[in-house]
Amino acid sequence: MAGISKGVIGETIAARFLRDKKYIILAANYRCRFGEIDIIAADRSYIAFVEVKTRRADALYTPREAVTIAKQRRIMQTASMYLSHNPIERQPRFDVIEVVTATDDPMNVVELNHIIDAYEAGDLHTAF
């Protein structure tokens, strides 16, 4: 497993989870000058901008705690850029997927938590 980061493992697991829930993956690791979005996925009503955080079970804090206000702002700016180049009729939403792996085995997922609408876009909703 040398060379495979826990982030890549978590993002792969999260994408599989979303596909199993009937989401369509529109983009992975979308980058622009403002930042990166791990997964952009759509269902019938929403386009979800998904931040994936992966931690071991013995971590001192939950994965969602790593999605700071500053990180949320960068994701919102990046989402705005994505939507300006890829117009879509669906309502935007910001999700977080937490992937918790076994302490000694990063491929063994002990918990996956999909936090739908994890934070609000505030005034950015009007921009979309």
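Of the residues making up region 87-97, one or more are at pLDDT below 95, among the hydrophobic types (A, V, I, L, M, F, W, C) and either touching a strand residue (DSSP E or B) at 6+ places or on another chain (Cβ under 9 Å) or open to solvent by 20 Å² or more (accessible area, probe 1.4 Å) (or both). Inside region 32-81, residues that are over 21 Å from Val8 (Cβ atoms), open to solvent by less than 40 Å² (accessible area, probe 1.4 Å) and either within 10 Å of the chain's Cα centre (by Cα) or among the β-branched types (Val, Ile, Thr) (or both) make up a count of 1. Within region 115-122, is even one residue part of a strand (DSSP E or B) and either modelled with pLDDT of 95 or more or within 16 Å of Leu18 (Cβ to Cβ) (or both)? Looking for residues that are part of a strand (DSSP E or B) and either modelled with pLDDT of 95 or more or within 16 Å of Leu18 (Cβ to Cβ) (or both), one finds at least one in region 115-122, hence yes.
Report whether or not Asp105 is of a type in the set (Asp, Glu) and surrounded by 13 or more Cβ atoms within 10 Å (Cβ to Cβ). Before you say what the answer is, go through the steps one by one.
Numbers: of a type in the set (Asp, Glu): yes; surrounded by 13 or more Cβ atoms within 10 Å (Cβ to Cβ): no.
Taking the combined requirement at face value, the residue does not satisfy it.
Filtering Arg31, Arg73 for residues that are part of a strand (DSSP E or B) and either basic (Lys, Arg) or more than 20 Å from Ala121 (Cβ to Cβ) (or both) leaves a single hit, Arg31. Pairing residues of region 13-40 that are more than 23 Å from Arg73 (Cα to Cα) with residues that are among the charged types (D, E, K, R), at Cβ distances under 8 Å and at least 6 apart in sequence or on separate chains, gives Lys21/Asp43; Lys22/Asp43; Tyr23/Asp43; Ile24/Asp43.
The values are calculated or read from the model by the stated rules, or taken from the named source; none is laboratory data. Only a predicted model underlies this, so the values are computations on that prediction, with no experimental measurement involved. Cβ sites come from the backbone with ideal geometry, for glycine too, and all protein chains shown count toward neighbours. Please note that ligands, DNA and RNA were not included when accessible areas were found on the heavy atoms of the full protein model with its side chains. Shrake-Rupley method; radii C 1.70, N 1.55, O 1.52, S 1.80 Å.
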